[in-house]
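Down below is the structure, laid out as structure tokens.
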Amino acid sequence: MKKSGIASIIAIMVSLTCLLGLVGCGRTSVDDMVTNSPRVTGISSGNITSLTGLDPSFTLNSSNGKYVTLYVENNGSNSVVATINGQSERTFKAGEKGHISLEVTQGSFGLDKDYEFKAVPGTNGGSINIYYEIAQRDEIEGLSGYSEDAGR
């Protein structure tokens, strides 16, 4: 009788373990949700107030996102011209904000490639006052302030 009682308890515990395991099978963990979300890798951000503007360069790898974007908020009174590697040029008038983007590709032999980001005073010169964000991401559609023809 004692052996059958222990066997019954073990059988009940195994059954409960299996039952509880099945209940959790349909759930998606937080990690799965993050993995399935579009990826965004922040590279640099900040405020710039100067006569020369923004001019950093970063070495990027396409495995961190298919596109690189430069977000600009022009907080000054002069227009600002933004580019990535001399491409995707866009002029931001005073008070305007938005993105430009460029597809990230690998260099020779699959090596990482340098990307140069510029935001300089427009044709009338002067100083600039901007907030900027540089990020690498998998998708560019749906970005607020993104111009559909910019970066293409």
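Read the figures in this text as sums done on the coordinates, not as results from a lab. Keep in mind it's a predicted model, so treat the numbers as computed, not measured.
Within the range 79-134, all pairs of alpha-carbon atoms sorted by distance into 5 Å bins from zero give the percentages 4, 17, 27, 21, 13, 8, 6, 3, 1.
Under a 5 Å amide H cut-off, with hydrogens placed 1.01 Å from N, Gly122 pairs with Ser79, Val80, Val81 among residues at least 5 apart or on other chains. Kirkwood hydrodynamic radius of the range 42-119, from the reciprocal of the average inverse Cα-Cα distance over all distinct pairs: 13.3 Å. Taking amide hydrogens as placed 1.01 Å from N in the peptide plane, the amide H of Thr41 sits under 5 Å from those of Gln136, Arg137, each at least 5 positions away in sequence or on another chain.
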